[in-house]
Structures are given as C-alpha cells and as structure tokens.
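Let me begin by presenting the structure, written as structure tokens, before commenting on it.
The values are calculated or read from the model by the stated rules, or taken from the named source; none is laboratory data. Since this is a predicted model, take the numbers as computed values, not measurements. In this analysis, Cβ positions are derived from the backbone assuming ideal geometry, glycine residues included, and neighbour counts consider all displayed protein chains. Quick note on the areas: whole protein, heavy atoms, side chains included, nothing else; ligands and nucleic acids left out. Shrake-Rupley method; radii C 1.70, N 1.55, O 1.52, S 1.80 Å.
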Amino acid sequence: MDFDIIVKGGVLPDGSKADIAIAGGRIAAIEPVIDADAGRVIDASGNLVSPPFVDPHFHMDATLSYGLPRINASGTLLEGIALWGELKPLLTHEAVKERALRYCDWAVSMGLLAIRSHVDVCDDRLLAVDALLDVKRTVAPYLDLQLVAFPQDGFYRSPRARENTLRALDRGVDVVGGIPHFERTMEEGRRSVTELCEIAAGRGLMVDMHCDETDDPLSRHVEQLAYETRRQGLGGRAVGSHLTSMHSMDNYYVSKLLPLIAEAGLAAIPNPLINIVLQGRHDTYPKRRGMTRVPEMLKAGIRVGFGQDCVLDPWYSLGTADMLDVAFMGLHVAQMTSPADMRRCFDMVTTESATIMGLADYGLDVGKAASLVILDAGDPVEAIRLRADRLCVIARGRVVAEREKRDMALSIEGRPATVSRRHRR
Ligand code: FE2
C-alpha cells in the first residue's frame, strides 16, 4: 500500500484541483492526479478541500452553560460578566470538562480543529484551568487546544488575579491574557498591559488580551499594547482581541494608530457575532456596529483573524461551533463583499488565524499534519454563502467525521425535483 488515504479530485481554496495523498498522519503528496494504492480513496470531486477551521478566540470554560444558573436577561456584556461571577462558585471540574469535551465534539463535526480558548483565572481554585488542561490532553490527538490565562475580573481589580495568572502559567497554560479596559482606571489598565507583556516576554510566551472591548472612543489600551509589543519584541506573538472601541474612535487618531499596530506586528481578533450583539447597547439611533475596523486594518498590513468568542454561555445564547457563521457575519458587518474580500474572510477563519496561533504544522502542504475538511461547496465563497455541510473531516491522517450529501427531495403539484443550494457554473 502506497498511502493510507487519497482524497481525489478536490478543489483547493486557491481554485486549483488536486489529489492529496496521506501517509503516517502527514500529507505525503499533492498532485493534479495521484494514481496509487491507498487504504481508502475518498471522492471529493467538485468539493472544496480546505485546511481545518481555526477559532482563535473562545471561552471553553463557559461554553454550553446557557441557563446556568439563569439566563442573561438584558443580553449585555456587563450582565454576562456578573452572571459568570454567579456561576463560577457552582462550577465543578467534571462539569466543566464534560461541557468542554461535548463542545469539542461539535467542533470536530464542523471541521474546527484548532481553538484558542481563554480560561478565567480569577477563581482561586483554578478549577477551570485544571479542567481545560485535562481537556487539552484528551483532545490532543485530533484538536489543537491553546489556552490563555485570562483574568476576567481584572488583573489588578480582582484581589488575587495577578498571582493566579502566574500560577496558571506555571501549570502549563500557553498564552498570557488580560482585560485592561476592565481595570479600575485607564492608568491601571495601561500598567496591566505593560506588566502582562513583561510576563509574556520573560517566559517566552504569546500574549492575547481582551483589549478596548467597549464603545468608548477614548479607550487607548491598544496603543499601549502596540507600544509594548514593539518595545518587548513580541511582534508576531501578540494579539489585541475585540478592539471594539476602534469602531468609535476619531478618524484622525485611527490614521495614526493603524501604522503603529502594523509596525509592532500586533495582530487583531474581532469576534463579529459577539461584537454586533454586545456593542452599541447604550446607543439609541443610529446604533454603532461595534466591530473593529477590519478592512482598514487589512489595508494597513495588520494580520486579522475572526473568532467566535462564545457559544451558549452567559454572553451569547446561540452558536454552533461553525466558523462559517463567524465569517458570514464578519463579512456582512465589515461590508467585505468583493470576491477577493469574501475569500479573505474565509482565510480569517482558517489560515490567518492559524498563523496568529503559531500553528507550525498547519496547512495543505506536503509534510504538514494531514488535517483537512471536505465541504459541500465549490469554493470558499460558496462555503460561506451556504455555511456548507462538512462532508468529511480528517485529523492527523484519520477520518474523524463524515456524512452523506443531503439534497432535499421536493414534490410540488406532482412535479418531483431535487433541490441543491449549490450554484451551478
Ligand atoms: Fe472573549
């Protein structure tokens, strides 16, 4: 047997057609046609074959807890944080782990094989940290789970958050988090950015902060984060998540800010589903959209990945682990409707986010881990339009999820027909 699996006739994201041969969990060959023996041949004719989806911003310690101990009645960010505070003392290791593993199953079924999850470190027990470290080990054979030490209640504002952040990093959490806009003062927020970046630089870690997740046009923590990223050599390893205040900032100031972010090598992770429902809550009309300035960032050379943030938790009562939902919403909110921009939105839930997470073994290249997803769509734009079914998901050379195509049979006034939502070209 030459190969374990050959995926035949798929359409790659760049539009080329290729066969992909897999052996020993790695991509062994990508050629226009591969005629060889394989343990299994998967027919992907006319279907998009993509590297897996990547979610660079999630909260796995809270996911699938919707309704516990009550629902978020106002739907606001601050009630969500308060509700999470009510739920935290009730959490158990087993319950957090069970919900997280159930979510990872959803993720796999959606071809989502890499997730960066923030984990709240403000509970002195570090119960969620230990539970998610367990989950990380459990899912490691098929899903890259990266954890961020996240002081949800404030690095300085919460009494033991600073100490707990360090304890979490000592236990093996991968990335340093923060929430400067939630500290008591702008000055304490600024200092938290500096100290958290020093911790990351000192330990050789990445840093990813919830930054300026407000509608305050004067919130300036991203400026400080860009400054510290450059000063401490964290370029390519630092992320500002959300950055929603940038939506409301003065245009002149943004024209100065964007080149500073680009120069520093600071990446951005907006979370379109959450930003569009949580921001602008104090507005009457017109209501601000609250998502950061994605097209302008891309034009300035800033790397951007779209995150999902929440699924069925204190902040968001919907969600299905489908990164195509995220790309779909991001595309609309950012008005990125040209063909090139729509493809970029697909990249922002796949390759761009993988680069932000530093996933060295990711991508459809010979020698890389054989992880991919086959979609019932002809190209990335159609995948977004349809939020296309995942026909087959392969993780490190093993088929971990598959389904039949599902066209719907109609019978209207005696006229039988089959409806496929794919566009015939
Ligand atoms: Fe978040």
Ordering of 294-305, 278-289 by packing [mean C-beta count within 10 Å, highest first]: 294-305, 278-289
Per-selection Kirkwood Rh - the range 254-387 (Cα, Å, 1 d.p.): 16.1 Å
Per-residue SASA entry for Cys122, accessible area with 1.4 Å probe, Å² rounded to 10: 20 Å²
Unit charges at the beta carbon, dipole of the chain: most positive-side option, Gly265, Leu324, Tyr252: Tyr252
Listed residues Leu145, Leu410, Leu78, most fluctuating in the chain (Gaussian network, C-alpha, under 10 Å): Leu410
Gain upon complete extension [Asp250, Met1; 0.36 nm per residue less C-alpha separation]: 83.4 nm
Largest-first ordering by accessible area, 1.4 Å probe, given options Tyr252, Tyr227: Tyr252, Tyr227
Residue of Pro13, Pro339, Pro270 that the Gaussian network model of the chain assigns the largest fluctuation, springs spanning Cα pairs under 10 Å: Pro339
Percent RCO, i.e. relative contact order, over the range 105-203, from Cα pairs under 8 Å lying at least 6 residues apart: 25 percent
Three principal axis lengths of the range 237-320 [C-alpha, angstrom, descending]: 37, 32, 16
Lysine pairs with alpha-carbon atoms under 16 Å apart, the chain, spacing 8 or more or separate chains: 4
Per-residue [θ]222 nm for the chain (sum of -39500 (n - 2.57) over DSSP H runs n ≥ 4, rounded to 500): -10000 deg cm²/dmol
Fully extended contour minus Cα-Cα distance, from Asp216 to Arg403, at 0.36 nm per residue: 62.7 nm
All-pairs alpha carbon distance profile, the chain, 10 Å steps from 0, percent: 5, 22, 31, 25, 13, 4, 1, 0
Calculated over the range 69-126: convex hull of Cα atoms, volume per residue (Å³): 115 Å³
Selected from Pro32, Pro52, Gly111, residue furthest toward positive end of dipole (the chain; charges at beta carbon): Pro32
Among Gly363, Gly177, Gly330, residue whose mean-square fluctuation peaks in a GNM of the chain (springs only between Cα atoms under 10 Å): Gly363
The chain: relative contact order as a whole-number percent, Cα under 8 Å and 6+ apart: 18 percent
